[in-house]
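Scroll down for the structure; my scribbles are underneath it.
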Amino acid sequence: MNTILRKSVLGVAGLAFTGGVFAGPVAAHAAGTTHAAKPVSVSVQGDKLIPHGVQGEQSRIDLNDEQTKSVKAIIAATKKAGMDERAAVVSIATALQESKLENLGHLGDRNDHDSQGLFQQRPSSGWGTVEQITDPEYSTTAFLKGLKQVDGWQDMPLTKAAQTVQVSAYPDHYAQWEQQAADLVAQHWNK
């Protein structure tokens, strides 16, 4: 009995440690301006914006003028590409995860390879030049071009569609931004 109890306690401690190791960097990164949010109802366009509901806990950040400008640029590029509101939701959620909607230049030692811009696209991976991928219209169009090549992206969970284009080391992290992205598209699509 003593051995079973000890193994149970060690097993629980191991799970707690493992959870802390895996959640540590994410929790540390999220400690900035993000906070968990309960899903907020979306406008009448809800079926287009979140056709299958959101996956998991949702995060939300307060946007400054630069980030709002990025949202509007993503929506404009989506419309120009002839794509719908769902494409804008996937794009904005992706940019929320990749850059918090900030058009990031090279971050020096903190940079992930040569990733830059709203979508953290890499010149060395063929996304374009630094000048191109730091242009919100170009980077959004490049992302959408990749999204169009994903068969059935409209009917798959947002995080899977985004991951197929982005090929991130953290494929499930896009899901946490779906509600805020949908809310932003509902707010800015018709402006």
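The values are calculated or read from the model by the stated rules, or taken from the named source; none is laboratory data. Being a predicted model, the structure only gives us computed values, none of them experimental. Cβ sites come from the backbone with ideal geometry, for glycine too, and all protein chains shown count toward neighbours. Each accessible area value is taken on the protein alone, full model and side chains, heavy atoms only, with ligands, DNA and RNA left out. Shrake-Rupley method; radii C 1.70, N 1.55, O 1.52, S 1.80 Å.
Things to note:
- The set of residues in the stretch 116-135 that are part of a loop (DSSP other than H, G, I, E, B), surrounded by 15 or more Cβ atoms within 10 Å (Cβ to Cβ), over 15 Å from the mean Cα position of the chain (by Cα) and not β-branched (Val, Ile, Thr) comprises Arg122, Trp127, Gly128, Asp135.
- Among the residues making up the stretch 138-191, those that are in a loop (DSSP other than H, G, I, E, B) and more than 17 Å from Val71 (Cβ to Cβ) are Gln149, Val150, Asp151, Gly152, Met156, Pro157, Val167, Ser168, Ala169, Tyr170.
- Residues in the stretch 126-159 that are within 19 Å of Met83 (Cα to Cα), in contact (Cβ under 8 Å) with a residue 12 or more places away in the chain and aliphatic (A, V, I, L, M): Ala142, Leu144, Leu147, Val150, Leu158.
- Top-ranked residue in the stretch 50-79 [being open to solvent by 20 Å² or more (accessible area, probe 1.4 Å) and among the β-branched types (Val, Ile, Thr); ranked as modelled with the lowest pLDDT]: Val54
- Condition check for Lys148: of a type in the set (D, E, K, R), surrounded by fewer than 20 Cβ atoms within 10 Å (Cβ to Cβ) and within 22 Å of Lys191 (Cβ to Cβ): no
- Test: residue in the stretch 160-169 that is touching a residue at least 60 places away in the same chain (Cβ under 8 Å), in contact with a Gly (Cβ under 6 Å, 6 or more places away or on another chain) and open to solvent by 10 Å² or more (accessible area, probe 1.4 Å): yes
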